[in-house]
1. What ranking do 161-170, 177-186 get when scored by the average of other Cβ atoms within 10 Å per residue, highest first?
2. Given a 1.4 angstrom probe, I'd like the percentage of the accessible area of the chain that is carbon and sulfur, rounded to a whole number.
3. With every protein chain left in place and a probe of 1.4 Å, what is the accessible surface of W322, to the nearest 10 Å²?
4. Please give me the summed charge of the neighbours of A398: other residues whose Cβ is under 10 Å from its Cβ, Lys and Arg +1, Asp and Glu -1.
5. Mind listing the phi-derived Karplus ³J(HN,Hα) values for segment 46-51, rounded to whole Hz, using 6.51, -1.76 and 1.60 with θ = phi - 60°, and x for any glycine or proline?
6. Could you estimate the translational diffusion coefficient of the chain from the Stokes-Einstein equation, with Rh from the Kirkwood formula over C-alpha pairs, at 4 °C and 1.567 mPa s, in whole µm²/s?
7. What is the distance in Å between the Cα centres of segment 302-371 and segment 413-442?
8. When the Cα centres of segment 30-60 and segment 446-501 are compared, how far apart do they sit, in Å?
Amino acid sequence: MTGALARIPDLLAAHVLLSFSALALGLVIAVPLGIWSARHPAVARVALGVASLVQTIPALALLALFYPLLLALGGGLPALGFLPALMALALYALLPILRNAVTGLIGLDPAVIEAADGVGMTRWQRLRWVEAPLVAPIVMAGIRTAAVWTIGAATLSTTVGAASLGDLIFAGLQTQNWNLVLAGCLASAALALGVDLLLGLVERGLARRRRWQVRGALIALAAAMAVALAPVLPATGRPAVTIGAKGFSEQYILARLIGQRLTAAGYRVRYREGLGSAVAFGALAGGDIDVYVNYSGTLWTNQMGRSDVPPRAAIVRGVADWAAREHGVRSLGSLGFENAYAFAMKEERARALGVESLADLARAAPRLAFGTDVEFLERPEWRAVRERYGLNFARANAYHPTFMYRALASGRADVISAFSSDGRIAADRLRVLTDPAGAIPGYDAVLLVSPDRAGDAHFVDALRPLVGAVPVEAMREANLMVDRDTDKRSPADAARWLAHHLTAPR
């Protein structure tokens with residue numbers, strides 16, 4: 001729990017910065033739009049309709065949609081990280097503020113408006129001195145709702161590379177470290193409740209015309225924000241290096257292994273974890289992250305669109321040439337191990353069905369349940385395997401990688417799309433099925449550096465000793481340290497252990 005608590009200040013600061021920026025942007029848009037809508041019913045119908053439509057889109061999908069949108073817009077806009085998260089969350093904050101503003105303004109007693117007009121007030125004077133004070137408590141109630149929604153939804157911004165308390169939740173979910181999940185949830189809930197409490201004081205102060213209460217609550221809110229934001233204030237020294245990672249245990253460990261080496265070389269590091277495959281490579285090519293580990297087969301099939309399956313070394317060379325030529329990304333080489341997709345079954349179940357290969361599995365598949373990670377069913381590797389062997393399962397369900405193994409152990413799945421460097425294969429006594437037709441390409445772990453860092457000799461020299469130095473046996477053991485149910489270790493601990501079990505580069 002101590003490790004989880006130590007990460008909270010930085011992530012809380014990032015969470016506060018993101019959610020309050022989104023709320024402020026939502027206010028800037030919603031308040032003028034609400035005033036305009038209250039004066040023009042046609043505008044109100046369109047504005048409220050669009051805001052309501054946005055609210056029906058799941059927050060995770062809304063965050064994901066801004067990534068391709070910003071890529072398409074180009075112009076140097078960052079497609080990953082703070083900007084897409086800010087835009088998505090601001091849209092999410094619109095509806096409660098806009099609806100309350102419109103409802104409050106059109107619900108005012110007409111006699112009050114007539115009285116204001118009767119004494120000769122202009123529209124601006126009427127809005128400022130009559131309408132705004134009367135409607136302020138109603139708008140404030142909408143702001144409270146928007147604040148709580150935004151703070152909660154900001155935990156999902158981890159998926160597009162924006163740091164938040166969601167980093168703890170996603171990392172804990174993937175590694176079954178419930179202390180991380182609990183710390184992230186409690187910190188997010190405490191932030192939402194605290195902000196709601198202070199905004200509630202502002203709302204009641206406005207309703208009762210108690211200026212001291214409004215000012216006091218706003219000062220307390222500003223002070224709390226200043227304290228929370230302290231960790232993200234500009235620091236002296238070299239700019240931080242951003243290390244990316246996808247969303248499973250091995251990636252968290254390798255990110256920490258890279259981070260520990262760069263820290264020792266004098267760099268400040270930060271992490272962007274839980275990224276999808278395409279998002280992670282796009283972030284590297286665009287300079288949003290500086291370094292991460294991907295797998296040659298993933299880039300070969302998904303990014304390059306290749307369907308042929310040459311030897312592993314040829315795939316690694318082909319990926320390196322393509323990444324440099326098309327994106328300016330530098331591959332430092334393979335870390336020395338492969339983490340390939342592999343179909344795995346419980347040993348006793350495979351023996352009972354007589355299944356040793358994917359060809360054997362095709363005969364039994366119509367009676368079996370297939371469990372996969374959330375990406376696999378959409379990947380070309382699955383299409384290649386299915387077409388090559390004619391696999392047709394009775395049903396297929398997607399899980400996060402950690403829970404995929406739980407599904408196999410509990411009998412909810414008969415076969416899973418495992419990973420060959422996963423320590424749970426040996427620990428759970430699973431049988432990995434052979435691939436006699438060679439449908440699955442090699443998946444060497446390759447160290448990739450962004451175009452901005454490709455020419456940084458000090459940076460590259462700090463990482464080069466990792467190339468060819470990570471044995472698959474050591475990687476499996478490190479993965480198991482994080483994934484096992486008892487005596488669990490954090491990814492940082494596993495990375496330190498792995499650093500002492502590197503071999504001489506080959």
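1. Final packing ranking: 161-170, 177-186.
2. Carbon and sulfur atoms account for 61 percent of the accessible area of the chain.
3. 30 Å²
4. Charge balance in the 10 Å sphere: -3.
5. 5, 5, 5, x, 5, 4
6. 51 µm²/s
7. If you average the Cα positions of each part, the centres end up 9 Å apart.
8. Each part reduced to its Cα centre gives a spacing of 49 Å.
The values are calculated or read from the model by the stated rules, or taken from the named source; none is laboratory data. Since this is a predicted model, take the numbers as computed values, not measurements. A quick note on method: Cβ atoms are made from the backbone with ideal geometry, for glycine too, and the neighbour counts reach across all protein chains shown. When the accessible area is computed, the model is the full protein with side chains, heavy atoms only, and any ligands, DNA or RNA have been set aside. Shrake-Rupley method; radii C 1.70, N 1.55, O 1.52, S 1.80 Å.
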